[in-house]
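The values are calculated or read from the model by the stated rules, or taken from the named source; none is laboratory data. On a predicted model such as this, the values are computed, not experimentally measured, just so you know. Here the Cβ positions follow ideal geometry from the backbone for every residue, glycine too, while neighbour counts run over all protein chains shown. Note: areas computed on protein heavy atoms with side chains; ligands, DNA, RNA excluded. Shrake-Rupley method; radii C 1.70, N 1.55, O 1.52, S 1.80 Å.
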Amino acid sequence: MNQITVYNTYSKYLNDKYGEKVYKLPISLPLTCPNRDGTVGKGGCIFCGEEGGSFENLSSSISIREQLIRNKEYIGNKYKAKKFIAYFQNFTNTYLPFENFKDCIDGALTDDIVEISISTRPDCINDKYLEYLSNVKKEYNIDITIELGLQTVNYLTLKKINRGHTLGEYIDASIRIKKYNLRNCTHIILNLPWDNDIDVVENAKILSALGIEEIKLHALYIVDGTTLGNLYKKEEISLISKDEYIERVILFLEHLDPNIIIQRVIGRAPEENSLFVNWNESWWRIRDEIVSIMESRHSRQGIKFDYLNGKGIKKFK
């Protein structure tokens, strides 16, 4: 496929920065989430399965170093990569006692790891942890990205999906992450059943206003046995079509700050035990369709990014 030029791709960002291919090595830890164990809620998000978003990972019973070695052998050989990002992917990785958290990060600091990425929740961002990560960044001269699951800025939808936090916690977490000069990659689901095009645009506006560095877009997938799965089987919710999802992605990108890196516009999902996954199409076909439509319309990321810094008085300049 030709290089994507209609939005700011993650692969180009990494290649420009490091001069070669860089790939993520997923790491699983034996942990859970405060929205599961009763700290902030029980049962977790209504869409979350038992894997916690890490269906392709190795077992968390394997040591961090061994997980890195095994994944490095497979991914490095397959993609001819020599530099890697250690990706703490499953559940809430900052939901650990501080000393345990430090040990986990220390275990990922090897010579060919050029970045560390940490998946977590907005209500599990704390200055003590961020200060430690900031010191690691300085000492080892590596970037550290906090991957924050937000999913939507619509606080009513956040309540419906049982996120256990509101938009306020996300804004607080984003401000703190930036204060420590760490990167923020925010996860957004654009086809939640209770959201509409207004929410899509507001997602883009708020993330742009907060100066988020990176974004991952997902299409909602439905796992059997989850609360969302039960609602789906009872036909109490309905999902938008693939074409509608594509239009939402384009709408989001057009309103987004053009400097923000897009890690992906649709995610991969497990087909096993799933009731709905990406309209039964390959993720890359949907991505290519998004790109093709944007090219045909002469659209691009940020083409409607005109709303910050006092839009109402720009005519006086």
Q: Go through segment 114-148 and count every residue that is in contact with a strand residue (DSSP E or B) (Cβ under 8 Å, 6 or more places away or on another chain), of a type outside the set (A, V, I, L, M, F, W, C), in contact (Cβ under 8 Å) with a residue 60 or more places away in the chain and outside any loop (DSSP other than H, G, I, E, B).
A: 5
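So that you can scan it fast, the table gives a plain yes or no per residue for (1) open to solvent by less than 70 Å² (accessible area, probe 1.4 Å); (2) under 26 Å from Lys138 (Cβ atoms):
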site: Ser60; (1), (2): yes, no
site: Ile64; (1), (2): yes, yes
site: Tyr79; (1), (2): no, no
site: Ile105; (1), (2): yes, yes
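Pick out the one residue from Ile188, Ile198 that is in contact (Cβ under 8 Å) with a residue 12 or more places away in the chain and among the β-branched types (Val, Ile, Thr).
On the way: Ile198 fails: in contact (Cβ under 8 Å) with a residue 12 or more places away in the chain.
So the residue among Ile188, Ile198 that is in contact (Cβ under 8 Å) with a residue 12 or more places away in the chain and among the β-branched types (Val, Ile, Thr) is Ile188.
Please find, among Lys83, Lys24, the residue that is in contact (Cβ under 8 Å) with a residue 40 or more places away in the chain, under 30 Å from Thr166 (Cα atoms) and surrounded by 14 or more Cβ atoms within 10 Å (Cβ to Cβ). Before the answer, list the steps.
Values: Lys83 fails: under 30 Å from Thr166 (Cα atoms).
Just a single option satisfies the conditions, and that option is Lys24.
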Q: Examine segment 150-159 for a residue that is open to solvent by 20 Å² or more (accessible area, probe 1.4 Å), among the aliphatic types (A, V, I, L, M), more than 20 Å from Tyr23 (Cα to Cα) and not in a loop (DSSP other than H, G, I, E, B), and state whether such a residue exists.
A: yes
Q | Close pairs from segment 89-104: first closer than 14 Å to Ser28 by Cα and touching a residue at least 12 places away in the same chain (Cβ under 8 Å), partner of a type in the set (Val, Ile, Thr) and assigned to a helix (DSSP H, G or I), Cβ under 9 Å, at least 6 apart | A | Cys104/Ile64
Q.
Can you report the number of residues in segment 160-184 which are surrounded by fewer than 17 Cβ atoms within 10 Å (Cβ to Cβ) and more than 30 Å from Ala219 (Cβ to Cβ)?
A. 2
Q: Could you list all residues from segment 202-236 that are open to solvent by 20 Å² or more (accessible area, probe 1.4 Å) and in a loop (DSSP other than H, G, I, E, B)?
A: Leu210, Gly211, Glu213, Tyr221, Asp224, Gly225, Lys234, Glu235, Glu236
Q. Is there a residue being open to solvent by 30 Å² or more (accessible area, probe 1.4 Å) and touching a His at 6+ places or on another chain (Cβ under 6 Å) anywhere in segment 295-304?
A. yes
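Scanning segment 249-282 for residues that are of a type in the set (D, E, K, R) and more than 30 Å from Asn230 (Cα to Cα), which turns out nearest to the chain's Cα centre (by Cα)?
First, the residues of segment 249-282 that are of a type in the set (D, E, K, R): 254, 257, 264, 268, 271-272, 281.
From what is left, the residues that are more than 30 Å from Asn230 (Cα to Cα) are 254, 257.
On the way: Glu254: 19, Asp257: 17 Å.
Filtering segment 249-282 for residues that are of a type in the set (D, E, K, R) and more than 30 Å from Asn230 (Cα to Cα), the one nearest to the chain's Cα centre (by Cα) comes out as Asp257.
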Q) Do we have any residue at all in segment 249-268 that's open to solvent by less than 40 Å² (accessible area, probe 1.4 Å), touching a Lys or Arg at 6+ places or on another chain (Cβ under 7 Å), assigned to a helix (DSSP H, G or I) and within 26 Å of Ile161 (Cβ to Cβ)? A) yes
